[in-house]
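Here the structure comes first, spelled out in structure tokens, and everything after it is commentary.
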Amino acid sequence: MAANPSTLTGRHAWHDGARSSLASARLLRVAGLTLEYRVRERVVRATQQVSFDVYERDRFVLLGPSGCGKSTLLKAIAGFVTPASGSIELDAQPIHGPGPDRVVVFQEFDQLPPWKTVLENVAFPLRVAKKLSRAEAKERAAHFLEKVGLADFAKAYPLTLSGGMKQRVAIARALAMQPRVLLMDEPFAALDALTRRRMQEELLRLSDEVHFTLLFVTHSIEEALIVGNRILLLSPHPGRVRAELNSHQYAQQSVGRDDFQEAVARIHRLLFENETKVS
């Protein structure tokens, strides 16, 4: 079963019978997921018995310190890592490997083949997946480049783009595939503070316009509160569920408010205080 939802303030509590209007049907279920990987001659446990549900149009954030297994968890949902135990279901069907219904945007800027133009980079996966004809793929690619504000750079090559622009191309490419879940693994972590803020704003705008379901990994409490409408807190290594919080009441404009800073402090305590007792 998924962890019992907690809340930052009682009046924003989330319950099964009173879900936010952002979400409707359950889309993704993770149940009792334990993930392990081998390092030299030993096996490392990344996560321990992690359970949660993601609903359609959720902006669901996995938040925890470095090494808590959140990126490994996202890779397992993408189909790149086989669980040691537990299950992952999308649309009530078990996930056994990668698929076009789950597209990942990684942190690294070098996700784009440098020999392809921006438009070709966005259109190429559509052709590989045999979803659309060449002309249809270019048309859809142009549509999503316009959505991320890069229509004027369609003929440019990745080498000429800034880090933030490359990430916007990667997001356009992912959205063009129209996945059931968009998976983002700390996509803004390597950006400077101003660009990161702008990218957060762009992501929220796209969420309002395109209505995708998002699973977002970060180790920044502030970013989790801004980007997510629901947050799953993971303990330090190995990752276990500490709490599930509702955060739809916060936005970029909340950062300087007292209640936002109080929420940051409370999450920090949930993540790091009494580690021995929790683990």
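The values are calculated or read from the model by the stated rules, or taken from the named source; none is laboratory data. This is a predicted model, so every value here is computed, not measured. In this analysis, Cβ positions are derived from the backbone assuming ideal geometry, glycine residues included, and neighbour counts consider all displayed protein chains.
Give the residue, chosen from L63, L22, that is under 18 Å from the mean Cα position of the chain (by Cα), modelled with pLDDT under 50 and not polar (S, T, N, Q). Lay out the reasoning, then the answer.
Working: L63 fails: modelled with pLDDT under 50.
That would be L22, the only listed residue that is under 18 Å from the mean Cα position of the chain (by Cα), modelled with pLDDT under 50 and not polar (S, T, N, Q).
The set of residues in the range 25-65 that are out of contact with any helix residue (DSSP H, G or I) (no Cβ under 6 Å at 6 or more places or on another chain) and among the polar types (S, T, N, Q) comprises T34, Q48, Q49, S51. Across the range 65-82, the qualifying residues are those that are touching a residue at least 24 places away in the same chain (Cβ under 8 Å) and part of a loop (DSSP other than H, G, I, E, B), and the one among them that is surrounded by the fewest Cβ atoms within 10 Å (Cβ to Cβ) is S66. The set of residues in the range 31-54 being surrounded by fewer than 18 Cβ atoms within 10 Å (Cβ to Cβ) and either outside the structural domain of R230 (by TED's automatic domain parsing) or of a type in the set (A, V, I, L, M, F, W, C) (or both) consists of A31, V39, V43, V44.
Does E89 meet the test of being in contact with a strand residue (DSSP E or B) (Cβ under 6 Å, 6 or more places away or on another chain) and either modelled with pLDDT of 95 or more or not in a helix (DSSP H, G or I) (or both)?
Details: in contact with a strand residue (DSSP E or B) (Cβ under 6 Å, 6 or more places away or on another chain): yes; either modelled with pLDDT of 95 or more or not in a helix (DSSP H, G or I) (or both): yes.
So E89 fits the description; yes.
For the range 40-64, residues that are outside any loop (DSSP other than H, G, I, E, B), out of contact with any Phe, Trp or Tyr (no Cβ under 8 Å at 6 or more places or on another chain) and basic (K, R) total 2.
Scanning for something without any contact (Cβ under 8 Å) to a residue 24 or more places away in the chain and not in a helix (DSSP H, G or I), does the range 142-163 turn up at least one residue? Looking for residues that are without any contact (Cβ under 8 Å) to a residue 24 or more places away in the chain and not in a helix (DSSP H, G or I), one finds none in the range 142-163, hence no.
For the list (1) modelled with pLDDT under 95; (2) at negative phi, I need the number of the one condition that K130 fails. Looking at each condition in turn, K130 falls short on (2). Within the range 52-75, restricting attention to residues that are in contact with a Gly (Cβ under 9 Å, 6 or more places away or on another chain) and of a type in the set (G, A, S), the residue that is farthest from A243 (Cα to Cα) is G67.
Test I226 against the stated conditions and say whether it is closer than 23 Å to S71 by Cα, surrounded by 21 or more Cβ atoms within 10 Å (Cβ to Cβ) and free of Cβ contacts under 8 Å to residues at least 60 places away in the same chain. Spelling it out, I226 is indeed closer than 23 Å to S71 by Cα, surrounded by 21 or more Cβ atoms within 10 Å (Cβ to Cβ) and free of Cβ contacts under 8 Å to residues at least 60 places away in the same chain. The single residue among V181, V210 that is within 24 Å of F124 (Cβ to Cβ) and surrounded by 20 or more Cβ atoms within 10 Å (Cβ to Cβ) turns out to be V181.
When I171 is tested against (1) over 25 Å from S133 (Cα atoms); (2) under 12 Å from the mean Cα position of the chain (by Cα); (3) not assigned by TED's automatic domain parsing to the domain that holds L27, exactly one condition is not met: (1).
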